[in-house]
Amino acid sequence: MTTTTIIAIFFLIWWLTFFAVLPWGVRSQHEHGEFIAGTDPGAPALHRVWMKLLWTTLIASVIAGVLYFLYVRNLIPYEFLSRISSPPPR
């Protein structure tokens with residue numbers, strides 16, 4: 001597996017993980033009790049995006065590391081990956 005492939009796979013895992021982590025700990029302005037004039041009461045009160053980026057990177061690194069370990073140890077053979085990613089036979 002080339003370095004470019006590893007980076008691309010990590011990016012895909014990171015992006016999917018980011019959307020899974022994004023709603024963690026979100027409190028709306030309505031729940032928080034403080035409304036900013038001109039905004040929707042359902043808008044987040046505190047974003048904490050940097051913490052979410054950190055958690056996303058940590059979780060994505062673990063997932064990518066496990067998948068890479070499985071690939072290197074040939075626990076997920078290349079033939080299997082080719083078979084499941086090809087179109088079904090007719």
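Read-outs throughout are calculated quantities, based only on the coordinates presented, and are distinct from any laboratory measurement. Computed from a predicted structure; not experimentally measured. Positions of Cβ are backbone-derived with ideal geometry, glycine not excepted, and every protein chain shown enters the neighbour counts.
What the table shows:
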item: For the stretch 6-55, diffusion coefficient by Stokes-Einstein and Kirkwood Rh (Cα), 25 °C, 0.890 mPa s, µm²/s; result: 198
item: Mean residue ellipticity (222 nm) of the chain, computed from DSSP H runs ≥ 4 via -39,500 (n - 2.57), nearest 500; result: -19500 deg cm²/dmol
item: Inter-part distance where the stretch 1-32 and the stretch 57-83 are each reduced to a Cα centre, Å; result: 18
item: Over the stretch 1-62, relative contact order from alpha-carbon pairs under 8 Å, at least 6 apart, %; result: 41
item: Sequence of ILE6, ILE36 once ranked by neighbouring C-beta atoms within 10 Å, starting from the fewest; result: ILE36, ILE6
item: Globularity index of the chain, i.e. its alpha-carbon radius of gyration over 2.2 N^0.38 Å; result: 1.61
item: Full-extension gain in nm, ILE59 to HIS32, via 0.36 nm per residue minus C-alpha separation; result: 6.9 nm
